[in-house]
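Some notes on the structure that comes next.
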Amino acid sequence: MAKKEEDVKLLGFWASPFSGRVKMALKLKGVSYEYLEQDIVDKSALLLELNPVFKKVPVLVHEGKILAESHLILEYIDQTWKNNPILPQDPYEKAMARFWAKFVDEQVGPVCFKSVAKPDKGIEVAIEEGQELITFLEKELTGKDFFGGKTIGFLDLVAGSMIPFCIARGWEGMGINMIPEEKFPELNRWIKNLSDIEIVRECIPHREKQIEHMMKVAERIKLA
Amino acid sequence: MGLISDEYVRLLGAWPSPFVLRTRIALNLKRVPYEYLEEEDTLNSESVLNYNPVHKQIPILIHGNKPIRESLNIVMYVDETWLSGPPILPSDPFDRAVARFWDVYIDEHCFTSINGVAVAKDEEERKAAVAKLEMCMALLEETFQECSKGRGFFGGDNIGFIDIGFGSMLGPLKVLEKFSGVKFIHPEKTPGLFHWADRFYAHEAVKPVMPDIEKLVEFARLKFNTSIFK
């Protein structure tokens, strides 16, 4: 049954990995939606009305229901449109996917980037600590095409939007290779696998623009 | 062949931790028999390091030989693995997302504000932290009214995900109330929460595992050597 495009709206920001992964999930499920680009500095009345608690993107609106927090939105999408499942069925596999997704967003993402942008303990230590964190993910990928197995899943969407197509580009802008091939062969293979998928390519920000954006974010971090 | 739900369950925890409490309440709600292992020194514990090398933190649920980490993750795992008894999370995808959203708020804002009051270095910092925490309580009062729809818990007639997430914070809140002189859960300002707290404490899944307040007070005094606890 076809749904009107207006049934689903997504408020997002072009450079946000949190928005990007929701776009990927909607595309994976073949869901049409209206995309509303947001200014995350000068926030719109609509964004503040729809997400008064956190005032952040992404926000998904589906048939009048308002959802915030990207992980919750991904799970909602997965439970509402049942084709191309994103989360594993098995409760333990699900728990692992959720655990690693939280790890990506709370530790590998912002912390990793902040510590490299403003290296209080020196840049070498920041790089080492950051790479120590992604070593956990390298191990999780061993022998698999994707974190989800043969096809992309929840953790691929979360880690994919955050790491190679956001944080790593930030590091690149600072002249550092976050995920060198010799140290992280599995992750490099995974990034290549991800890049071969059309819906991923369609939902990641433009490379040069993203690097430029991340440099601005780094400047703000340095001045803070 | 045995069912997965029949495999041996162990929980590594620490008695003062509200996060551990969440997992114990969930296991009790589902009547899951489990062995509880008190970890007194989590940073130096071999078991903790072995099962949670990423964060080196408790709670850790070990089901058979599989470790599950992080309190809310564990609560969801328990809900999805042991299917008898009332569900902790609703089955409707939107209602699930709402319940989980409020637990994100509780962990990111509420718990952070509780900590903020505890570690405040001076009166000014404490006042600001108290104000923040009072705002959290006001929002959660509204949420309680909306979610409970006149029934006893955030989850309706039964304890649900938000009840567990927020109820586990009642101990730390009571400790702060004792030291700061501020009633965060107030009979007039937050009447819904006020009565809900009594119901929560009295629940058969909660009562046996809720830490004794006096013990928590002593623990806080030793842990936080900050102005509020002197």
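The values are calculated or read from the model by the stated rules, or taken from the named source; none is laboratory data. Because the structure is predicted, anything quoted here is derived from the model rather than measured. Methodologically, a virtual Cβ is constructed for each residue, glycine included, from the backbone with ideal geometry; neighbour enumeration extends over all protein chains shown. Accessible surface areas use protein heavy atoms only, side chains included; no ligands, DNA or RNA. Shrake-Rupley method; radii C 1.70, N 1.55, O 1.52, S 1.80 Å.
Before moving on, here are some points about what is shown:
- Share of pairwise Cα separations in segment A:28-78, more than 18 Å, in percent: 29
- Charge tally for A:Asp120 (other residues, Cβ to Cβ under 12 Å; Lys, Arg +1; Asp, Glu -1): +3.
- Applying a length cut-off of 20 Å (Cα extent along the axis) and a mean Kyte-Doolittle floor of 0.0 to the DSSP H helices of chain B leaves no helix.
- Computed over chain A: relative contact order in percent, which uses C-alpha pairs under 8 Å that are six or more apart: 22
- Partners of A:Lys209 within straight-line reach, counting lysines whose Cα lies under 19 Å from its Cα and excluding those fewer than 8 residues away in the same chain: A:Lys23.
- Pairs of Cα atoms nearer than 8 Å and 6+ residues apart set the relative contact order; for segment B:1-128 it is 23 percent.
- Summed residue charge, Cβ within 12 Å of A:Ala101's Cβ, Lys/Arg positive, Asp/Glu negative: -3
- Taking the DSSP beta bridges with both ends in segment B:1-72, the antiparallel portion is around 65 percent.
- Shielding score for B:100-109, defined as the mean number of other chain Cβ atoms within 10 Å: 3
- Measuring with a 1.4 angstrom probe and ignoring ligands and nucleic acids, B:Thr81 comes out at about 20 Å² accessible.
- Global dimensions of segment B:167-210 from alpha-carbon coordinates: Rg and Dmax equal 10.8, 30 Å.
- With the simple spin-label model, which puts each label point 7 Å out from Cα in the Cβ direction, the A:His206 to B:Glu177 separation comes to 5.7 nm.
- Shielding by other protein chains, B:77-89, mean Cβ within 10 Å: 2
- Solvent exposure of B:Val32, expressed as accessible area, is near 10 Å², computed with a probe of 1.4 Å over the protein chains only.
- Mean Cβ count within 10 Å, highest first, over the residues of peptides B:4-10, A:119-125: B:4-10, A:119-125
- Percent of C-alpha pairs per 10 Å bin in segment B:7-66, short distances first: 24, 57, 19, 0.
- A quarter of the convex hull surface defined by the alpha-carbon atoms of segment A:19-107 gives 6.5 nm² as the mean projection.
- Per-residue mean of foreign Cβ neighbours for A:87-95 is 5 (Cβ atoms of other chains, 10 Å radius).
- Summing Lys and Arg as +1 and Asp and Glu as -1 over all other residues whose Cβ lies under 15 Å from the Cβ of B:Leu139 gives a net charge of -4.
- Of B:Leu43, A:Leu187, the residue with the largest accessible area leads and the full order is B:Leu43, A:Leu187 (1.4 Å probe).
- Reach of A:Lys55 by Cα under 19 Å, taken over aspartates and glutamates that are not fewer than 8 positions away in the same chain: A:Glu37, A:Asp39, A:Asp42, A:Glu69, A:Asp105, A:Glu106, B:Asp103, B:Asp107, B:Glu108, B:Glu142
- Solvent accessible area, Å² - A:Asp78, 1.4 Å probe, full protein context: 20
- Rg ratio (alpha-carbon, reference 2.2 N^0.38 Å) - chain B: 1.02
- Stokes-Einstein D in µm²/s, Kirkwood radius over Cα pairs - chain A at 4 °C with 1.567 mPa s viscosity: 72
- Taken as Cα centroids, segment A:168-191 and segment B:147-226 sit 46 Å apart, rounded to the nearest whole angstrom.
- The label-point distance for B:Lys132 and A:Met174, in a model that sets each label 7 Å from Cα toward Cβ, rounds to 2.5 nm.
- Stokes-Einstein diffusion coefficient of the protein assembly as shown, Kirkwood radius over Cα pairs, 10 °C, 1.306 mPa s, in µm²/s: 68
- Using the Cβ-Cβ distance between A:Lys192 and B:Tyr36 with R0 = 41 Å, the FRET efficiency computed as 1/(1 + (r/R0)^6) comes to roughly 0.35.
- In terms of distances greater than 19 angstrom between alpha carbons, the cross-link table entries A:Lys222/B:Lys121; A:Lys94/A:Lys144; A:Lys114/A:Lys216; A:Lys29/A:Lys82 yield A:Lys222/B:Lys121.
- Rounded to whole Å, sorted largest first: equivalent-ellipsoid semi-axes of segment B:80-152, Cα gyration tensor: 31, 14, 9
- Relative to its Kirkwood radius, the Cα radius of gyration of segment B:104-226 gives an Rg/Rh of 0.96.
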